[in-house]
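Peer 1: Following this message is one structure expressed as structure tokens.
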Amino acid sequence: MDDIYIIKVKENLTQLEKNWGKASVRFGLIGKGIRPNYQIEGKKNQVKTFSGINHKPHETRKFKKSNLTQRAYRLIELDLPKILDKISIEIVSCKSQKTGAQVTIIPEEIDSSEQYFEGASKTISVNIYERNSDARTKCIEKYGYKCVVCSFDFEKFYGSIGKKYIHVHHIIPLAEIKKEYQLDPLKDLVPLCPNCHAMIHRTQPTLTIQQLKEYLAENGKNT
């Protein structure tokens, strides 16, 4: 999901409000790509659906409620700061509740900062907090580029090619994040090597930093 996508959503919403009065939009949970289908709803039960890829009217008159975000967003809300992040979080949350799927992919494994869809039944989500460049910078300024679990240092091991490389892990599970949540990069983010990052995401719920350290200690690994 990107700014160009949301601008076109707003244009369609504005156009329909000229005829319907106040209206709102719900975003789809299934489809392909990072621009999901969406449904605009009027106060008098008017409904119009759109293909998220090209924003053209969708062949379906009305999407199933279970395939849409629970929240309907007003035009004014689509101008709020970080609204793309908030919508993405709700899509991920609603999709997880619907499928019960366990997602273990970690942010640095793919290039998009939002989300991808594999077919119509499985979502691969990316933790947007771990991809926030400003938050990453503040986290690393505090902890440095060494893994907080195993102390692996890429530059020390690989030389110049490993300089300033590290993953950043968001320690609060997405399912526990509430709408009013504000990210604190100094408390909520920690640097991890890819191995430790992957192991933390192997379980549901994810392991804590201390739990992974205990796993290493039990197996005779120094931390």
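Nothing in this text is a laboratory measurement; each read-out follows from the coordinates by a stated rule. Since this is a predicted model, take the numbers as computed values, not measurements. Positions of Cβ are generated from backbone atoms using ideal geometry, with glycine treated the same way; all protein chains shown enter the neighbour counts.
Peer 1: What FRET efficiency would be calculated for the residue pair I7, V47, taking the C-beta separation as r and a Förster radius of 30 Å, to the nearest 0.05?
Peer 2: Numbers: r = 22 Å, r/R0 = 0.73.
Efficiency, rounded to the nearest 0.05: 0.85.
Peer 1: Counting only other residues whose beta carbon sits under 9 Å from that of I171, what net charge do I get with K and R as +1, D and E as -1?
Peer 2: Values: positive: K187; negative: D188.
Here the charged neighbours net out to 0.
Peer 1: Using the Karplus curve 6.51 cos²θ - 1.76 cosθ + 1.60 with θ = phi - 60°, work out ³J(HN,Hα) for each residue of the range 6-22 in order, rounded to whole Hz, and write x for Gly and Pro.
Peer 2: 5, 4, 5, 4, 5, 5, 5, 5, 4, 4, 6, 5, 5, 9, 9, x, 4
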